[in-house]
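Engineer: I am attaching a structure below and will ask some questions about it afterwards.
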Amino acid sequence: MNRKVRIVEVGPRDGLQNEPGEVPTAVKLELIERLADAGLPAVEATAFVSPKWVPQMADHTEVLERIRRRPGVSYPVLTPNLKGYEAARAAGATEVAVFGAASETFSKKNINCSIAESLDRFRPLVEKAMTEKIKVRGYVSCVLGCPYEGEVKPERVAGVAQALFDMVCYEVSLGDTIGVGTPGKTKAMIEACAKRLPIGRLAGHYHDTYGQALANIYASLELGVATFDSSVAGLGGCPYAKGASGNVATEDVVYMLQGLGIETGVDLDKLVGIGQWICAILKKEPASKAGRAIAAKRK
């Protein structure tokens, strides 16, 4: 296992996008800034998508323009197409992410096009980003299962991951969107991807629907993966996968990694406080088991 792991915090985007009530821009800004101050090296800030499809991200320009940026921290934003990319750049984006899927049905329901069409849509975006020296991260959804098609074969995932890598995405995040993966299936999927692109360019993004996310992270660590996406307090889900619970909680990931002697640079106590704070605003309980236990000890 690597002795150092990079965590990409997705709470402000993936975590908040499904909240039923509008989250004030000021709250989003404070959440982003507090997460960066807790030592997270990357905080996904927002998504330049149509407010018609994701109303919670309608304030994307204001959020990105007003962030108090911490030196050394990246603030990636999702950009589904060239129009989104240009809007993100105008707002000051220095890193963007494109998101495809390993399932044809999910791709059509999520971004209204086939897998091949989505890749064709990304190419001019990535090419422009390269000329402007903007880093691009790739996401692949449904790498371990699809809500419409069921099981997804590792080779299909590997094909999409390779296509994104070949476009010069510096990293490809493999997303278990509905959280159905188990450690054995996770290893098989990563091994298939690692035959096509370097293991150091792969990241894990595991939802915890069946309580397997930490086990899947451990399985990924054993293969050499050293970057993982997570969401403070386990916020999030997927609007296109009904019943799918949130991302794995950042607090739980950091607690496990600390127990393994793996460095993250993240202040767990600060992180727990942030999870308690944002959940109080959202009027919900934190999904993080470590977060709840540490908060209870404090009391």
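Engineer: Tell me which trypsin sites (Lys or Arg not before Pro) from region 99-194 have a DSSP coil assignment and no more than 12 other beta carbons within 10 Å of their own.
Structural biologist: In loop regions of region 99-194 (DSSP not H, G, I, E or B), the sparsely surrounded trypsin sites (Lys or Arg not before Pro) are Lys133.
Engineer: Testing the spin-label approximation: label points 7 Å from Cα along Cα→Cβ at Gln258 and Glu132. State their distance in nm.
Structural biologist: 3.9
Engineer: Would you please name the GluC sites (Glu not before Pro) within region 48-134 that are DSSP coil residues with at most 13 other C-beta atoms within 10 Å of their C-beta?
Structural biologist: When the GluC sites (Glu not before Pro) of region 48-134 are filtered for loop state and at most 13 Cβ neighbours within 10 Å, Glu132 remain.
Engineer: Using a Förster distance of 45 angstrom, determine the FRET efficiency expected from the C-beta separation of Ile199 and Lys299, and round it to 0.05.
Structural biologist: E between Ile199 and Lys299, to the nearest 0.05, is 0.60.
Engineer: Something else: Testing the spin-label approximation: label points 7 Å from Cα along Cα→Cβ at Asp267 and Met1. State their distance in nm.
Structural biologist: In this crude label model, Asp267 to Met1 measures out at 2.5 nm.
Engineer: Please find, in a Gaussian network model of the chain (springs between Cα atoms separated by less than 10 Å), the residue of Val172, Val23, Val160 whose mean-square fluctuation is greatest.
Structural biologist: Between Val172, Val23, Val160, it is Val23 that shows the largest mean-square fluctuation.
Engineer: Here's another thing I want to ask about it. Sum -39500 (n - 2.57) across every DSSP H segment of at least 4 residues in the chain, then divide by the residue count to get the 222 nm mean residue ellipticity, nearest 500.
Structural biologist: Value at 222 nm, helices only: -12500 deg cm²/dmol.
Engineer: A follow-up question, please. Would you look at the GNM of the chain, springs on alpha carbons closer than 10 Å, and say which of Ala87, Ala26, Ala226 moves the most?
Structural biologist: Looking only at Ala87, Ala26, Ala226, the largest GNM fluctuation is found for Ala26.
Engineer: I would also like to ask the following. Among Gly246, Gly100, Gly21, which one shows the highest mean-square fluctuation when the chain is modelled as a Gaussian network with alpha-carbon springs under 10 Å?
Structural biologist: Gly21
Engineer: What is the percent carbon and sulfur in the accessible area of region 81-187, measuring with a 1.4 Å probe over the protein chains and ignoring ligands?
Structural biologist: Carbon and sulfur: 53 percent of the exposed surface of region 81-187.
Engineer: Further, regarding this structure: Accessible area per residue of region 120-273 at 1.4 Å probe, in Å²?
Structural biologist: 38
Engineer: Once you list every other residue whose beta carbon is under 12 Å from the beta carbon of Thr61, what net charge do they have if Lys and Arg are +1 and Asp and Glu are -1?
Structural biologist: Net charge around Thr61: -2.
The values are calculated or read from the model by the stated rules, or taken from the named source; none is laboratory data. The structure presented is a predicted model; accordingly, all values stated were derived computationally and were not measured. Note that each Cβ is placed from the backbone with ideal geometry, even for glycine, and that neighbours are counted across all protein chains shown. Please note that ligands, DNA and RNA were not included when accessible areas were found on the heavy atoms of the full protein model with its side chains. Shrake-Rupley method; radii C 1.70, N 1.55, O 1.52, S 1.80 Å.
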